Amino acid sequence: MSFRRELYAPRGGPNGGDGGDGGSVYVDAVAGLNTLADYRYTRKFDAERGENAWVPNAPAKSGADLHIRVPVGTMIYRCRLPRNCSAIW
């Protein structure tokens, strides 16, 4: 969200500018792969952030999506705390 700036409106208000949406993370199962060695040292996957709103009354650019290629049959877990994991796929 961006805010308008005017001489006689010190606190202004929102002018309608909207920040861009962040990108999504997709997991693609690929039949030709047989190892996860490419991701051995990567612990966290983040898609690109959307841009901040800076032009009045105009939306900002959205972030790019992230596609992670894994072998077919890969189990995906979400761990919020250590030893508190649940399979999500």
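The values are calculated or read from the model by the stated rules, or taken from the named source; none is laboratory data. The structure displayed is predicted, hence computed values, not measured ones. Positions of Cβ are generated from backbone atoms using ideal geometry, with glycine treated the same way; all protein chains shown enter the neighbour counts.
Quick notes
- Hits in the range 25-43 (condition: surrounded by 11 or more Cβ atoms within 10 Å (Cβ to Cβ) and assigned to a helix (DSSP H, G or I)): Asp38, Tyr39
- Out of Asn57, Asn15, sole residue that is touching a Lys or Arg at 6+ places or on another chain (Cβ under 7 Å), surrounded by 11 or more Cβ atoms within 10 Å (Cβ to Cβ), over 30 Å from Cys79 (Cα atoms) and modelled with pLDDT under 75: Asn15
- Thr74 being part of a loop (DSSP other than H, G, I, E, B) and touching a strand residue (DSSP E or B) at 6+ places or on another chain (Cβ under 8 Å): yes
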